[in-house]
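Chemist: My questions will all concern the structure given below.
FYI, it's all coordinate maths here, none of it is from the lab. Please read all numbers here as calculations on a predicted model, not as lab measurements. Note that each Cβ is placed from the backbone with ideal geometry, even for glycine, and that neighbours are counted across all protein chains shown.
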């Protein structure tokens, strides 16, 4: 079972859409709900993938035997004074948790970020997502802030969010 980390391509749109619908069902830590994913279509997914090709941002996928099992996107901030910063989001299929998929995606991002003269990667993580926080801290991310009540669930409860940062230089 070989794990391949690569840039997403437009031809991945259908697989990425299926993957997105699955992770939306599996994880309470994502901002997108299963209901919101149901209205997405292949054309909108293709447009989303193309937005990474043109903008200097990156969308990586983790693939095992042709199946997308993880993804990571990083968006560089636009203004000249903050262009050294990228914000990332990551998700991994639940059946592949604890198999280093997230770690490998982030390590690939670090390589890409250095090649693209990025100096800092920021992310947010739900405060009670201990598994993800452990991975980020192990890779060198540091907590730099907290946002109370950042996510509101359908049942009316809230989750706090932690802001973490990794400095490449």
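Chemist: Of everything in segment 135-158 that's in contact (Cβ under 8 Å) with a residue 60 or more places away in the chain and in contact with a strand residue (DSSP E or B) (Cβ under 8 Å, 6 or more places away or on another chain), which residue is surrounded by the fewest Cβ atoms within 10 Å (Cβ to Cβ)?
Modeler: So the residue we want is 153.
Chemist: Let me ask something else. Mind listing whichever residues of segment 74-97 are touching a helix residue (DSSP H, G or I) at 6+ places or on another chain (Cβ under 8 Å) and closer than 18 Å to residue 3 by Cβ?
Modeler: Answer for segment 74-97, where residues must be touching a helix residue (DSSP H, G or I) at 6+ places or on another chain (Cβ under 8 Å) and closer than 18 Å to residue 3 by Cβ: 90, 91, 92, 93, 94, 97.
Chemist: May I pose another question? Which residue out of 113, 132, 62 is in contact (Cβ under 8 Å) with a residue 60 or more places away in the chain, touching a strand residue (DSSP E or B) at 6+ places or on another chain (Cβ under 7 Å) and crowded, with 20+ Cβ neighbours inside 10 Å?
Modeler: Just a single option satisfies the conditions, and that option is 132.
Chemist: Still on this structure, please answer the following. Given (1) more than 19 Å from residue 13 (Cβ to Cβ); (2) out of contact with any strand residue (DSSP E or B) (no Cβ under 7 Å at 6 or more places or on another chain); (3) without any contact (Cβ under 8 Å) to a residue 40 or more places away in the chain, identify the lone condition not met by residue 46.
Modeler: Answer for residue 46: the failing condition is (1).
Chemist: Just wondering, is there one or more residues in segment 38-46 that are closer than 18 Å to residue 7 by Cβ and in a strand (DSSP E or B)?
Modeler: no
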